[in-house]
Amino acid sequence: MAVTLTEKGQITIPLAIRKRLGLKPGMRLVFDETAPYLKATREVDIARMRSAIGCLRTDGTPQSQQLSSGVLLERMRGPAEG
């Protein structure tokens, strides 16, 4: 799949790729300047990531009251779309 770079240095990411990667308007991408090829990843939300740190530690809660992995993932990632 090929795209054309505009005079302003912009490209359009093809729809098939945007859908496969779950890219939405307004999302920010970060380019890896050290890669020998064009490599972009979604920007990490540092505040959201830090809020999840330590959430899997054992806190003495009985096993029957601990959260399922699905609930933990939803808290870290947000509710599933679709």
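The values are calculated or read from the model by the stated rules, or taken from the named source; none is laboratory data. The shown structure was predicted, so the numbers you read here are calculated from the model rather than taken from an experiment. Every residue, glycine among them, receives a Cβ derived from its backbone with ideal geometry; neighbour counts consider all protein chains shown.
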Practice problem: Take region 1-18 and flag every residue that is closer than 23 Å to E81 by Cα and loosely packed, with under 10 Cβ neighbours inside 10 Å. | Solution: L15, A16
Quiz item: Which condition does D59 not pass, out of (1) more than 20 Å from G9 (Cα to Cα); (2) modelled with pLDDT of 65 or more; (3) among the acidic types (D, E), if it passes all the others?
Solution: (2)
Practice problem: Under 7 Å between Cβ atoms, at least 6 apart or on separate chains: pull out the pairs that start in region 39-52 with a residue that is among the aliphatic types (A, V, I, L, M) and end on any residue that is at pLDDT 80 or above. | Solution: A40/L29; A40/V30; A40/F31
